[in-house]
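Visitor: Got a structure for you, questions after.
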Amino acid sequence: MLRQIHSLPGLIAALLVAVLALTGAVLSVQPALERLAAPSVVTGTISVAALAEAARAQHAEIDKIVKTASGSLVVSYFEGDKAGADLLDPATGRVVGPHTPSATIRFITNLHRSLLLGTAGRVAVGLGALAMVVLTVTGAMMLATRQGGWSALLKPIRGNARQRWHAQAGRLAIVGLLLTAMTGCFLSLTSFELIPDGSADPVATSSGIGGERASVGSLAALQAVDLADLRELAFPYAADPTDTYRLTTAAGVTQIDAATGQALSFQPHSTARQLYEMIYVLHTGQGLWPLGLLLGLSARAVPVFAVTGAMIWWQRRRSLPRITDNRPASAADTIILVGSEGNSTWGFARTLHAALTQAGHKVHAAPMNALAPAYPKAARMLILTATYGDG
């Protein structure tokens, strides 16, 4: 039964899962590359207020400052009707260059998340992640059975070259693939709002007192926050004198009066949001680049699975003998059940079936997995099976 469960999703979803794995492998390198390119944010070096003051000196109208998971600081701004984004030096707040995300990476990301097909593509991606969970779990169970138990999982693998490649790749990649697939299922469910991600949780909002705004560098609530704790600082809308600063840290969201610099409200992140962010990190490696590289290496095993798995399935199907005059199970007086990994036992079953049929018996031959609840006319049952793996 495990083989049927393992083979059917694999054959149907092979191409989809391979596309998701290969695009995921490409994206897995990005956290490490971004981390190498991003200047380090050192705790205690500069406050959020000082950074915001330096950024304001270079851009008159700022939308927000964001610290990405890799550690890069990106300031989004407006110059008239033109929007732009720059990278900031975390030590000084000075602009070090424009922020220009790669169009290629954006394309690969969209391909990975939705196959460039919108909602239908996101559904397909979610089903692909589910198929990967099924394939990984059933594959691990089959390998453990073949090896003689979970304790023998690391023993040398026997079989032909295709079987060894298939099993060895699975043994090396099982942890990474299971983590990627399960977190991918979770993210897919949140994208369709079947599981809450915490982003819709109500956040308390307050209006500022209005009046002349103080220099952002003088705001006490921002001076108290180290740059290492920053996630995002949204600036107040220039045309609204009562609009406030919105500071997001790992702890939650704080609204800050633009005139007095006092904190007006604080909303801690919900449990759902914290769980979502943890799952997102585990799936993407964003902010945890060594994990991203490990997941990428695991994903590279999927094309090996697809090719070797298809070859194993085809070889097994091609070697399956054709049995003539195979009677229905309900009408047979003799039942032959066959258990065989490489189909070698079916050769004996075919010979036995032919001899019994020639002797005048009504014979039904089937795999052991097809055992019926009852055989109303059967007088005898013969079971042919062979050992495999370590026996």
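Visitor: Restricting attention to region 328-356, and to residues there that are without any contact (Cβ under 8 Å) to a residue 40 or more places away in the chain and in a loop (DSSP other than H, G, I, E, B), which single residue is most open to solvent (accessible area, probe 1.4 Å)? Spell out how you get there, then give the answer.
Guide: Kept after step one, since they are without any contact (Cβ under 8 Å) to a residue 40 or more places away in the chain, are these residues of region 328-356: 328, 343, 346-356.
If we keep only those that are in a loop (DSSP other than H, G, I, E, B) too, we end up with 328, 343.
Details: Pro328: 77, Asn343: 15 Å².
Checked region 328-356; the qualifying residue most open to solvent (accessible area, probe 1.4 Å) is Pro328.
Visitor: Here is a follow-up. Residues of region 169-188 being among the aliphatic types (A, V, I, L, M), under 20 Å from Thr23 (Cβ atoms) and either within 9 Å of the chain's Cα centre (by Cα) or open to solvent by 40 Å² or more (accessible area, probe 1.4 Å) (or both), which ones?
Guide: Taking region 169-188 first, the residues among the aliphatic types (A, V, I, L, M) are 169, 172-175, 177-179, 181-182, 187.
Narrowing further to those that are under 20 Å from Thr23 (Cβ atoms): 169, 173, 177-179, 181-182, 187.
Within region 169-188, Leu177, Leu178, Leu179, Ala181, Met182, Leu187 qualify.
Visitor: Suppose we filter Trp150, Trp165 for residues that are in contact with a Ser or Thr (Cβ under 7 Å, 6 or more places away or on another chain) and open to solvent by 40 Å² or more (accessible area, probe 1.4 Å); which single one remains?
Guide: Values: Trp150 fails: in contact with a Ser or Thr (Cβ under 7 Å, 6 or more places away or on another chain).
Exactly one residue qualifies, and that residue is Trp165.
Visitor: While we're looking at this one, here's another question. Go through (1) open to solvent by 60 Å² or more (accessible area, probe 1.4 Å); (2) in contact (Cβ under 8 Å) with a residue 24 or more places away in the chain; (3) under 30 Å from Lys67 (Cα atoms) and name the single condition Asp325 misses.
Guide: (3)
Visitor: Also: Is at least one residue of region 109-124 modelled with pLDDT of 85 or more and closer than 25 Å to Trp313 by Cβ? Before the answer, list the steps.
Guide: First, pick out the residues of region 109-124 that are modelled with pLDDT of 85 or more: 109-124.
Filter once more, so that each one left must be closer than 25 Å to Trp313 by Cβ: 115, 124.
The answer is yes; a qualifying residue exists.
Visitor: Find all pairs meeting these conditions: Cβ atoms under 7 angstrom apart; at least six residues apart or on different chains; first residue within region 95-109 and farther than 27 Å from Leu51 by Cβ; second residue open to solvent by 90 Å² or more (accessible area, probe 1.4 Å).
Guide: Pairs found: none.
Visitor: Further question: Return only the number of the condition from (1) in a helix (DSSP H, G or I); (2) without any contact (Cβ under 8 Å) to a residue 60 or more places away in the chain that Ala259 does not satisfy.
Guide: (1)
Visitor: Another one. What is the one condition in (1) loosely packed, with under 15 Cβ neighbours inside 10 Å; (2) assigned to a loop (DSSP other than H, G, I, E, B) that Asn369 does not satisfy?
Guide: (2)
Visitor: A further question on this structure: Filter region 28-41 down to residues that are out of contact with any helix residue (DSSP H, G or I) (no Cβ under 6 Å at 6 or more places or on another chain) and either open to solvent by less than 20 Å² (accessible area, probe 1.4 Å) or not in a loop (DSSP other than H, G, I, E, B) (or both) and give me whichever is modelled with the highest pLDDT.
Guide: Gln30
Visitor: Does region 254-266 contain at least one residue that is farther than 30 Å from Val134 by Cα, open to solvent by 20 Å² or more (accessible area, probe 1.4 Å), of a type in the set (Val, Ile, Thr) and touching a Phe, Trp or Tyr at 6+ places or on another chain (Cβ under 9 Å)?
Guide: Let us first name the residues in region 254-266 that are farther than 30 Å from Val134 by Cα, namely 254-266.
So of that shortlist, the ones also open to solvent by 20 Å² or more (accessible area, probe 1.4 Å) come out as 254, 259-260, 262-266.
Then keep just the ones that are of a type in the set (Val, Ile, Thr); that gives 254, 260.
Pick out the ones that are also touching a Phe, Trp or Tyr at 6+ places or on another chain (Cβ under 9 Å) and you get 254.
Yes, that holds for at least one residue.
Visitor: For Gly44, only one of the following conditions fails: (1) modelled with pLDDT of 90 or more; (2) at positive phi; (3) surrounded by fewer than 16 Cβ atoms within 10 Å (Cβ to Cβ). What is its number?
Guide: All conditions pass for Gly44, except number (1).
Visitor: Please state which one of Pro196, Pro202, Pro156 is of a type outside the set (S, T, N, Q) and modelled with pLDDT under 85. Spell out how you get there, then give the answer.
Guide: Numbers: Pro196 fails: modelled with pLDDT under 85; Pro156 fails: modelled with pLDDT under 85.
Every option except Pro202 fails the conditions.
Visitor: All but one of (1) modelled with pLDDT of 90 or more; (2) in contact with a Lys or Arg (Cβ under 8 Å, 6 or more places away or on another chain) hold for Ala103, so report the exception by its number.
Guide: Condition not satisfied by Ala103: (2).
Yes/no per residue for (1) touching a Cys at 6+ places or on another chain (Cβ under 7 Å); (2) closer than 26 Å to Asp257 by Cβ; (3) in contact (Cβ under 8 Å) with a residue 12 or more places away in the chain:
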position	(1), (2), (3)
Ala25	no, no, yes
Val29	no, no, yes
Leu33	no, no, no
Ala38	no, no, yes
Ser47	no, yes, yes
Ala52	no, yes, yes
Thr68	no, no, yes
Ser76	no, yes, yes
Asp89	no, no, yes
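Visitor: Next question, about the same structure. Kindly indicate the residue of region 85-133 that is in contact with a Gly (Cβ under 9 Å, 6 or more places away or on another chain) and over 30 Å from Val175 (Cα atoms) and also surrounded by the most Cβ atoms within 10 Å (Cβ to Cβ) among those meeting that condition.
Guide: Pro90
Visitor: Could you check Ala57 against (1) loosely packed, with under 15 Cβ neighbours inside 10 Å; (2) in contact with an Asp or Glu (Cβ under 8 Å, 6 or more places away or on another chain); (3) modelled with pLDDT of 90 or more and say which number it fails?
Guide: (2)
Visitor: Now for a different question. Could you grab me the full set of residues in region 283-305 that are assigned to a helix (DSSP H, G or I) and crowded, with 19+ Cβ neighbours inside 10 Å? Before you say what the answer is, go through the steps one by one.
Guide: Just the residues of region 283-305 that are assigned to a helix (DSSP H, G or I), to begin with: 283-284, 289-299, 302-305.
Within region 283-305, His283, Thr284, Trp289, Leu291, Gly292, Leu295, Gly296, Ser298, Ala299, Val302, Phe305 qualify.
Visitor: Let me ask something else. Which one is farthest from the chain's Cα centre (by Cα) among residues in region 226-240 that are crowded, with 19+ Cβ neighbours inside 10 Å and not in a helix (DSSP H, G or I)? Step through it out loud before you land on a result.
Guide: Keep residues of region 226-240 that are crowded, with 19+ Cβ neighbours inside 10 Å, which gives 227, 230, 233-236.
Cutting the leftovers down to not in a helix (DSSP H, G or I) gives us 230, 233-236.
Details: Leu230: 26, Leu233: 29, Ala234: 30, Phe235: 34, Pro236: 36 Å.
Of everything passing the filter in region 226-240, Pro236 is farthest from the chain's Cα centre (by Cα).
The values are calculated or read from the model by the stated rules, or taken from the named source; none is laboratory data. The structure presented is a predicted model; accordingly, all values stated were derived computationally and were not measured. No Cβ is skipped: glycine too gets one built from the backbone with ideal geometry, and neighbour counts run over all protein chains shown. Accessible surface is based on the protein model in full, side chains and every heavy atom, while ligands, DNA and RNA are left aside. Shrake-Rupley method; radii C 1.70, N 1.55, O 1.52, S 1.80 Å.
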